[in-house]
Structure formats: structure tokens, C-alpha cells
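Peer 1: Okay, here's the structure, questions in a sec.
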Amino acid sequence: MHVVLLSLALAALPEEKAILTDPPLVPPPITRTTPAKVKVELEVVEKVMQLADGVEYTFWTFGGSVPGKFIRIREGDTVEFWLENHPNNKLPHNIDLHAVTGPGGGAASTFTAPGHKSRFTFQALNAGLYIYHCATAPVGMHIANGMYGLIYVQPKKPLPKVDREYYVVQGDFYTDADFGTKGLQPFSMKRAIDERPSYVVFNGSALSLVGDRALKGKVGETVRLYVGNGGPNLVSSFHVIGEIFDRVYTEGGMKVQENVQTTLVPAGGSAIVEFKLDTDGTYILVDHSIFRTFNKGSLGMMKVEGPGNKEVYSGKEVDAVYLGDESVATSLKATPGTTAAASGKPDGRALFVQNCAMCHQGEGQGVPGVFPPLAKSDFLANIANNKRGELVEYVLRGKTGKVTVNGVEYNGVMTPVAGLDDEKLATVLTYVSTAWGNKAPAFTTDEVKKLREALPPVPAPAAPH
Ligand SMILES: [Cu+2]
């Protein structure tokens, strides 16, 4: 009796085909108020794409993109799911949808060889935002190659309307070569097992959400991000620099948390975040495990067009010289460890480590793109030989603007170094001029004294306006 009723009910459901979208787009909200039978067709494609600028990788994908296509259905829908494995592919694949109630989330029922397709049917019992992923052995490798995406089971009572919805999924990638090594990079099982990714990116590439591909918005609009983390290993501390999430549906469920700075997105998990665009500018999506952002690619952008709101955010209002507290500067002069005990004379290496190495690094090698090298620097050689007063000025007054060192341009800020008397300054300048094979003449205390006296006067602090 029950069986008959059930099949009658199934037969009565209206049928439709799900709209699937590539990241960062999300299918339109479902406006139906009753369940339907929804057909989803997802094709597995193995293909080479860019992991970063000039870096190629053979991705395995659900629908040709990483993450795979966004699937949107409604709570209570019956889903007829088709997995198609393209005949040009080399491997069998399957799919485990976390939105599925049933063994393996569909994995065993969808195991499909190249040139075949499989079908299974499930009922979407629980609303929420769910990861789907391949679960074919070696599972970690299939996920690491990009086989994940999001399926949103829209609640019967849908979330409030917003102006824009986007789709962003983080993933970690494992190549033998370090970040940025050009060319086609093979997967490294060793690094994957060690959980030492060379890339951590949004939407399958360090380039996916930057420049022309940045997410877009306008002041006054509301935005909802469907955020996922494919892993396979890392947990994401998802943050948007310059925004506060007005609402977060933590872990992609139904509970709302308000006013969140950073939300944790587990591997194989999700979050829905919402915020209003209150003023203009570029907002940066990051994993706040921040070396991943600056050194492994987890950086995306959202460009918000004006008119800006100066009451919400003024922009820079004052840029004045700040001389600090004289007593602090004086106490710094007595910093221990900068004087070699035996001779009483300051030690150049120690002074360098204490005053310069935090930026220019321990062997004067610098940090690419940020701090220029002092070791074998043609720029340093030039000023230490010919413009010795300028070098004194750099250390005492700081240095901004462009400098070109060994053909590479830097445009950073060197802050003034406090607490160096003439003897110590001479010692540290001698050290950097002669260490690591550098060949500029040494600085004497007398010379530094004269150069210091010859410096232009410090401009009076500009009055704040
Ligand atoms: Cu697979």
C-alpha cells in the first residue's frame, strides 16, 4: 500500500533539469514552493589548466572547472543524478555528495569508467550548503586534483533576497616544485601525504579571482558568498580584508552568527557569508593563515564601485612625520648584545642582525618583491662608494620610493633605524659594505659624524588637518 502511494507521489512530481553554473557564478534562486523531480547531469573532464601564472596542472574536474559546477536544488526535491565520464578521460571516477542521505553519499552507485555514465536517485532531506567530491581510490589524489564542488539544498523557506551571489571554493595543491615554478607540474603524493601544499588557491587557480576576474559589486548592494573548502588537507580561515560578515551560516547549516571577521571552513565543509557593500574599494578574499595568501596563492578580490561613503571610511587623512619619544630612542642606544665584550667595540654582525636583518634577512639576501638584498647589491655598492651621505640618510631617516637593485625594482618602505650612535652606525655600514663579498670601503666614526651633521634638517611635522 505504502509502495503504491509513494510511486504515485513520485509520478506526480513535476520534472525539470537543474541549471548548473561554473564558478564564481551561482544558479538563480529557486522560486518553486513545492518539490520537483530534478535531473542533474555532471560530466567528469580531465584537462590541463593554469594553477598560477605560467604554471600548468592536469586537473580532474566535475564539469570542466575547479570547483566543479554549482548545483542548486530545493529541500524535499527528488534528484535523478547522472555522472558521465568523458571517453577521453584516463581514469574511473565517482561522486560522494554530502547532501545525500545513503551509503557513501552516492559513491558506489556512481562508480563510472571512461566512456560510461551512471545514474542514482536521492531525496534531498536536509537543507544546507554541501561539498561534493570524488571518492575513487586513491581518494586523496582525486580530491587534490580538483574533484570537488558545492551543492546547495535551498531551504523550503529560502534565505532573504540579496543583490549578488558568488561561488568560491578553496583547495590545496601538491606539486614537487615550489610555488611559481613554470610549466606543467605533476602531482606530488609525498607532499600531499606530508600536508605540505605548494599552492593554496581559490577556485582552482591563483589567478581565478584577480584582475579582470575579480568579483564585482556596487556600493549599497548586499552580497552572499557560498564558500566551500575542497581540501584535501587544509582548514581555511576565510576572511575578506576590509569587510565584516554581517551574517554567517556557520558550516553551511541553518544557524546564523552575526558580525564575524573570519570564519573557519573545514576541509570537506562550507559556510555561507553575507555582507553589505557600505563603501567602495577593492576587498581581498584570503585564507588568514596568511603565508598561504602571500606565498601560495589564496588571494581573491572583490571590486566595489562607488560612490564611496567617506563617513564609513575616510581614506588617509594625515601623513605627518612622527619623531617618537626621545627617552625610548635613548634607551635603545644602550641595547645589549651590540658590543663585543672583549674589545668594548661594537660588533658589526650583531648590529646588522639587530637592526637590519628582520627585513633584509640574515645573510642580506632580502625577500623577493619586498625587501631588496644587501648582499651583492649593485645599488648598495654604488651608494656606499659614491654617495656615502645618502646611505647614512637611509638608515637614519628611512627610505621610500623606487629603488632598482640588480635589475629588480622595489617600491617599499624602509623605516628609520633608531638608537645608532656614530660609532655603531659606522660599524653596521662597514659590515653591510664589506660582508657577503661586498667591496665598498669601510666607514669610520669620524666620517659618519660629519655625514650625519651634513644631513638636511628634519622637516617640521605637518599639522593635521
Ligand atoms: Cu575521481
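The values are calculated or read from the model by the stated rules, or taken from the named source; none is laboratory data. Keep in mind the model is a prediction, meaning the values are calculated, not measured. For neighbour counting, all protein chains shown are included, and Cβ atoms are generated from backbone atoms with ideal geometry for every residue, glycine included. In case anyone asks, the SASA skips ligands and DNA or RNA and just uses the protein heavy atoms, side chains included. Shrake-Rupley method; radii C 1.70, N 1.55, O 1.52, S 1.80 Å.
Peer 1: Find all pairs meeting these conditions: Cβ atoms under 6 angstrom apart; at least six residues apart or on different chains; first residue within the range 253-280 and closer than 30 Å to Ile143 by Cα; second residue of a type in the set (Lys, Arg).
Peer 2: Correct list of pairs: Val256/Arg247; Glu274/Arg224; Glu274/Arg247.
Peer 1: Just checking, how many residues over the range 257-277 are open to solvent by 60 Å² or more (accessible area, probe 1.4 Å), within 30 Å of Pro307 (Cα to Cα) and either of a type outside the set (D, E, K, R) or touching a Leu at 6+ places or on another chain (Cβ under 6 Å) (or both)? Before the answer, list the steps.
Peer 2: At the first step, the residues of the range 257-277 found to be open to solvent by 60 Å² or more (accessible area, probe 1.4 Å) are 257-259, 261, 264, 276.
Checking which are within 30 Å of Pro307 (Cα to Cα) leaves us with 257-259, 261, 276.
The next check asks that each one be either of a type outside the set (D, E, K, R) or touching a Leu at 6+ places or on another chain (Cβ under 6 Å) (or both); those that pass are 257, 259, 261.
Summing the residues that are open to solvent by 60 Å² or more (accessible area, probe 1.4 Å), within 30 Å of Pro307 (Cα to Cα) and either of a type outside the set (D, E, K, R) or touching a Leu at 6+ places or on another chain (Cβ under 6 Å) (or both) in the range 257-277 gives 3.
Peer 1: Any idea which of (1) within 16 Å of the ligand (Cβ to nearest atom); (2) free of Cβ contacts under 8 Å to residues at least 24 places away in the same chain is the one Met147 doesn't satisfy?
Peer 2: Only one criterion is unmet by Met147, namely (2).
Peer 1: Separate question: So is Val45 outside any strand (DSSP E or B), within 16 Å of the ligand (Cβ to nearest atom) and either acidic (Asp, Glu) or in contact (Cβ under 8 Å) with a residue 40 or more places away in the chain (or both) or not?
Peer 2: Values: outside any strand (DSSP E or B): no; within 16 Å of the ligand (Cβ to nearest atom): yes; either acidic (Asp, Glu) or in contact (Cβ under 8 Å) with a residue 40 or more places away in the chain (or both): yes.
Answer is no for this residue.
Peer 1: So, one more: If you go through the range 48-84 one residue at a time, how many are closer than 27 Å to Asp172 by Cα and touching a residue at least 60 places away in the same chain (Cβ under 8 Å)?
Peer 2: Kept after step one, since they are closer than 27 Å to Asp172 by Cα, are these residues of the range 48-84: 48-72, 83-84.
Those still in the list that are touching a residue at least 60 places away in the same chain (Cβ under 8 Å) too: 48-63, 65-72.
Matching residues across the range 48-84 total 24.
Peer 1: Within the range 137-153, can you find the residues that are open to solvent by less than 10 Å² (accessible area, probe 1.4 Å) and over 28 Å from the mean Cα position of the chain (by Cα)?
Peer 2: Step one: filter the range 137-153 for residues open to solvent by less than 10 Å² (accessible area, probe 1.4 Å), giving 142, 144-153.
Within the range 137-153, none qualify.
Peer 1: Examine the range 206-213 for a residue that is modelled with pLDDT of 95 or more, over 19 Å from Met49 (Cα atoms), outside any strand (DSSP E or B) and not hydrophobic (A, V, I, L, M, F, W, C), and state whether such a residue exists.
Peer 2: No, the range 206-213 has no match at all.
Peer 1: Every residue in the range 278-300 that is touching a helix residue (DSSP H, G or I) at 6+ places or on another chain (Cβ under 9 Å) and either modelled with pLDDT under 95 or open to solvent by 20 Å² or more (accessible area, probe 1.4 Å) (or both), please.
Peer 2: Scanning the range 278-300 gives Ile284, Leu299.
Peer 1: Would you pick out the residues in the range 27-44 that are over 15 Å from Lys17 (Cα atoms) and surrounded by 19 or more Cβ atoms within 10 Å (Cβ to Cβ)? Outline the logic, then answer.
Peer 2: Initial filter on the range 27-44 (over 15 Å from Lys17 (Cα atoms)): 33-34, 44.
Residue satisfying the conditions is Val44 alone.
Peer 1: Take the range 366-380 and flag every residue that is farther than 13 Å from Gly407 by Cβ and surrounded by 15 or more Cβ atoms within 10 Å (Cβ to Cβ).
Peer 2: Correct list: Gly366, Phe371, Leu374, Ala375, Leu380.
Peer 1: Does Ser109 meet the test of being open to solvent by 40 Å² or more (accessible area, probe 1.4 Å), farther than 19 Å from Pro27 by Cβ and either at pLDDT 95 or above or within 16 Å of the ligand (Cβ to nearest atom) (or both)? Give the steps one after another, and end with the answer.
Peer 2: Values: open to solvent by 40 Å² or more (accessible area, probe 1.4 Å): yes; farther than 19 Å from Pro27 by Cβ: yes; either at pLDDT 95 or above or within 16 Å of the ligand (Cβ to nearest atom) (or both): yes.
Judged against the criteria, Ser109 is a match.
Peer 1: Further question: Could you please find all residues in the range 40-76 being in contact with an Asp or Glu (Cβ under 8 Å, 6 or more places away or on another chain), β-branched (Val, Ile, Thr) and over 28 Å from Phe122 (Cβ atoms)?
Peer 2: Scanning the range 40-76 gives Val48, Thr58.
Peer 1: Hey, another quick one. For the range 77-93, how many residues are under 19 Å from Ala18 (Cα atoms) and either within 14 Å of the ligand (Cβ to nearest atom) or open to solvent by less than 20 Å² (accessible area, probe 1.4 Å) (or both)?
Peer 2: Step one: list which residues in the range 77-93 are under 19 Å from Ala18 (Cα atoms), which gives 77-85.
Remaining after also requiring either within 14 Å of the ligand (Cβ to nearest atom) or open to solvent by less than 20 Å² (accessible area, probe 1.4 Å) (or both): 77-79, 81, 83-85.
Total satisfying the criteria: 7.
Peer 1: Related question: When the range 50-65 is examined, which residues are found to be surrounded by fewer than 18 Cβ atoms within 10 Å (Cβ to Cβ) and in contact with a strand residue (DSSP E or B) (Cβ under 9 Å, 6 or more places away or on another chain)?
Peer 2: Filtering the range 50-65 for residues surrounded by fewer than 18 Cβ atoms within 10 Å (Cβ to Cβ) gives 50, 53-54, 56, 58, 64.
Within the range 50-65, Gln50, Gly54, Glu56, Thr58, Gly64 qualify.
Peer 1: Name the residues in the range 118-132 that are within 24 Å of Lys255 (Cβ to Cβ) and within 16 Å of the ligand (Cβ to nearest atom), would you? Lay out the reasoning, then the answer.
Peer 2: So the first thing to find is which residues in the range 118-132 are within 24 Å of Lys255 (Cβ to Cβ), and the list is 123-132.
Hits for the range 118-132 are Ile131, Tyr132.
Peer 1: Then there's this: For Thr430, are the conditions met, namely being in contact with a helix residue (DSSP H, G or I) (Cβ under 8 Å, 6 or more places away or on another chain) and buried (at least 17 other Cβ atoms within 10 Å of the Cβ)? First the steps, then the outcome.
Peer 2: Numbers: in contact with a helix residue (DSSP H, G or I) (Cβ under 8 Å, 6 or more places away or on another chain): yes; buried (at least 17 other Cβ atoms within 10 Å of the Cβ): yes.
Yes.
Peer 1: A follow-up question, please. Among the residues of the range 221-266, which ones are acidic (Asp, Glu) and part of a strand (DSSP E or B)? Before you say what the answer is, go through the steps one by one.
Peer 2: Start the filter on the range 221-266 by keeping residues that are acidic (Asp, Glu), which leaves 221, 243, 246, 251, 258.
Of everything in the range 221-266, those that are acidic (Asp, Glu) and part of a strand (DSSP E or B) turn out to be Asp246, Glu258.
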